[in-house]
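To keep things clear, I will list the structure first and then write my remarks on it.
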Amino acid sequence: MSRTFADRLPEMLASVFVVFFIVLGIAPADRAVWIAEAVPVVFVFTILVFTARRYRFSNAAYLLMSFWLFWHTVGGHFTFAAVPFGFVSDIIGASRNHFDRIGHFSVGFYAYAFTEILVRRRLAGPVVSTLFGLFAIMSVAAGYEILEWWYAVSSDPEAGIAVLGSQGDIWDAQKDMLSDTLGALFSLALFWTAGRRWGSHDPVPSAR
């Protein structure tokens, strides 16, 4: 039986991302920053690839998760504070580059996938599934800010500042975690309002 476009979407996204990642890794603005930012991207991508045979997320979940992979890779290439994103700051009258804020917001999209696993496997009810997705993102957000801080104080000062991307804002870490949380709430709203139409609530076998 021939596979449809929808059936092949995860593999197509993965193939495009691999090419995208290689191209942006050829001549990044700062190699040390690129390596630091590439590590979480490679980690997440590898998990998704090696778990795909045991559990296939809905296409909606893969699309949401791929947004962060692409966005974070761009940030690693330019360094987040230096991504050519000034036109957005001009539009909203901001004094800083908000490319990283959108990146953190997209981290919250993974709440969709966390919740989907519990719902499709019938492991928990709607309330517990939703709270699990939300709290998982909040925990990851806090942990990542700690890792960024550790890298900043232990590495080359310029590379550390570039990875932090605080741009002089002493509340940057708190605002980043808020962005992660708001992204999670957004994706969870999508899950419960449109997820059923997108196949995100359909039961799946435990293995295949």
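Scalar couplings 3J(HN,Hα) for region 52-66, obtained by applying the Karplus form with A = 6.51, B = -1.76, C = 1.60 to θ = phi - 60°, are 4, 6, 8, 8, 9, 5, 5, 4, 4, 5, 5, 5, 5, 5, 5 Hz; x denotes Gly and Pro.
Phi angles across region 121-129 convert, under the Karplus curve 6.51 cos²θ - 1.76 cosθ + 1.60 with θ = phi - 60°, into 3J(HN,Hα) values of 8, 6, 8, 7, x, x, 5, 5, 4 Hz, Gly and Pro given as x. Taking all C-alpha pairs of region 1-110, those more than 22 Å from each other amount to 38 percent.
Computed from the coordinates by the stated procedures, all read-outs in this text should not be read as laboratory data. Since the structure is predicted, the reported quantities are computational estimates derived from the model, not experimental observations.
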